[in-house]
Structures are given as structure tokens and as C-alpha cells.
Amino acid sequence: MALEERPVGKLDRAVIFLGPPGSGKGTQAKELARYYAVPHLSTGDMLREHVASATPLGCKAKPIMERGELVPDSLVLKMVAERIDRPDCFHGFVFDGFPRTVAQAKYLAELLKRQGFRQPFVIHMVIPTSVLMKRLTGRRSCKIGGEIYNIYERPPKLDGVCDNDGGELIQRPDDREEVVAPRLNAYEKQTAPLVQFYRRFGALHDVNANRKVEDVQREIFELVSGMRGR
Ligand SMILES: [Zn+2]
């Protein structure tokens, strides 16, 4: 892609991605981090890392996670503070799935200030719920090879059958409408105050995520590199 041929500038700030499941947030966050050669930070990955290397934090979090409970804010925030203090974050970093609440956002603002960072640059992935429903409930995966299809956006040649190996295509329980709809509602409810919080600061940048991945990516790169807006 042409974007990769451009000389890499420095990010020198925190970029936060806000977006519902199915918005392509994770993919875009990873691509941006890769481009600027800064860490892509997800609290889920961080937690798993701490548990795997049995750090004091990991040992505290492990039983909580094993019970299937939510790790308390105090632990998550400590982990985030420790993580962005590492040298690889010196030229910025990309957050994916954090902050989730206004309280976390306020704490992050303090942390950033303490470390001499500017206020975060927030990418808000905007996409109609009806499109998300199709993206999520239309997902099917091959029982043999695990290939992912979408009955609306990327259907197999033959209904219910994998193009590659003829495996049966199944819908994961998590992708069923009864599960997806409440999950999207819960996300919306939880994130609305956060969106408002960042919008008030002028830190929020709406990106139409209902387009091809490459088009969304181009707009994000242009926004972050200051080629557009501001
Ligand atoms: Zn297959």
C-alpha cells in the first residue's frame, strides 16, 4: 500500500480508539501502531501477559479472571500506568479498548500529563447498528479450517459450505442475534458518556467506519498525521 512508502513520522502522543464490536477498531488500531512503530495496547493482552509471567499484578488478577469476573479498575489502572511508563511508549502508543469509562479517561489524562504527553487523539469509529448486526450475526466459520465468512458481505460459493475444504460453516454462539443485540446495547450505554467527555475537549474525531477497510485506514492516517481536520 502506498501509505507504507511514506517516511514514518513520530506519533508522540496517545491515540485512543473508541468503537463497538464489529467496527473494525482492533484492525485499525493495530495498523496505525505498526505504521508508527509504537505499541498497540489492549488491556486484555496486558492482563494475559501479567498472568503468564506471574507478576504480582498477574497473581492478583488471575483468580478474578478465573472466576469470570471483571478485573477491578484499581488493578487495570495500575497496569496501564506501569505499561506506558516503559521506554517503548516514549514516542506514543495506541490504545484499543481502553479507557472504557469516564473515570478511566480522567485517570489516563492525569497519567499523560505527568509523562509530558499531549491530550490523547481519539478516533471514534461510527457505524450504524444495522450494519454491525449484519457484520456480527452474519459471521460463519469453517468447522475444519476455521476460515471466516459472512453470509452478507463475504458469502461462500455454496450455502453453508467452506470454499477451501468443503467444511461445514457454523455460527458461533457469541454471534447469535440474541447475544449480539444486548452486547451492542450495553456497549452503546457504556460508551456514550465517554464519547461526550472527549468530544467536549475537542479530542474526538468521528470516522465513518461503514466503508472498506482501506478507505477507513486512509482517513485515520490522514487525521492522525495532521493532513486533515484540526
Ligand atoms: Zn474450511
(request) Could you tell me which Cys residues in the chain have no other cysteine's Cβ under 4.7 Å from their own Cβ, answering none if every one has a partner? (result) CYS59, CYS89
(message) Please check: in the Gaussian network model of the chain (C-alpha springs, under 10 Å), which one of GLY92, GLY58, GLY145 has the largest mean-square fluctuation.
(response) GLY145
(request) Could you go through the stretch 30-44 in sequence order and give the Karplus-derived ³J(HN,Hα) for each residue, using 6.51 cos²θ - 1.76 cosθ + 1.60 with θ = phi - 60°, rounded to whole Hz, and x for Gly and Pro? (result) 5, 4, 5, 4, 5, 4, 8, 6, 10, x, 9, 10, 10, 5, x
(request) Could you list which residues have their amide H under 5 Å from that of ARG140, counting only those 5 or more apart in sequence or on another chain, with H placed in the peptide plane? (result) TYR149, ASN150, ILE151
(request) Averaged over every viewing direction, what's the projected area of the C-alpha convex hull for the chain? Give it in nm², one decimal, please. (result) 14.4 nm²
(message) Quick one: 3J(HN,Hα) in Hz for the stretch 111-128, Karplus 6.51/-1.76/1.60 with θ = phi - 60°, rounded, Gly and Pro as x.
(response) 4, 5, 4, 4, 8, x, 8, 5, 5, x, 9, 10, 9, 9, 7, 9, 7, x
(request) Would you mind counting up the charge near VAL161? Only other residues with Cβ under 12 Å from its Cβ, with Lys and Arg at +1 and Asp and Glu at -1. (result) -2
(message) What is the distance in Å between the Cα centroid of the stretch 163-230 and that of the stretch 21-97?
(response) 19 Å
(request) Kindly put ARG200, ARG100, ARG34 in sequence by how many other C-beta atoms sit within 10 Å of each C-beta, fewest to most. (result) ARG200, ARG34, ARG100
(request) Report the residue, chosen from ILE16, ILE64, ILE123, that carries the largest GNM mean-square fluctuation when the chain is represented by alpha-carbon nodes joined by springs under 10 Å. (result) ILE64
(request) Let me know the Kirkwood hydrodynamic radius for the stretch 1-122, please, with Cα pairs as the basis and the value in Å to one decimal. (result) 15.3 Å
(message) Compute a Gaussian network model of the chain, connecting alpha carbons closer than 10 Å, and tell me which residue from PHE95, PHE117, PHE17 fluctuates the most.
(response) PHE117
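Each reported figure results from applying straightforward, stated rules to the coordinates on display, with no laboratory input. A quick note: this is a predicted structure, and the numbers were derived from the prediction, not measured. In this analysis, Cβ positions are derived from the backbone assuming ideal geometry, glycine residues included, and neighbour counts consider all displayed protein chains.
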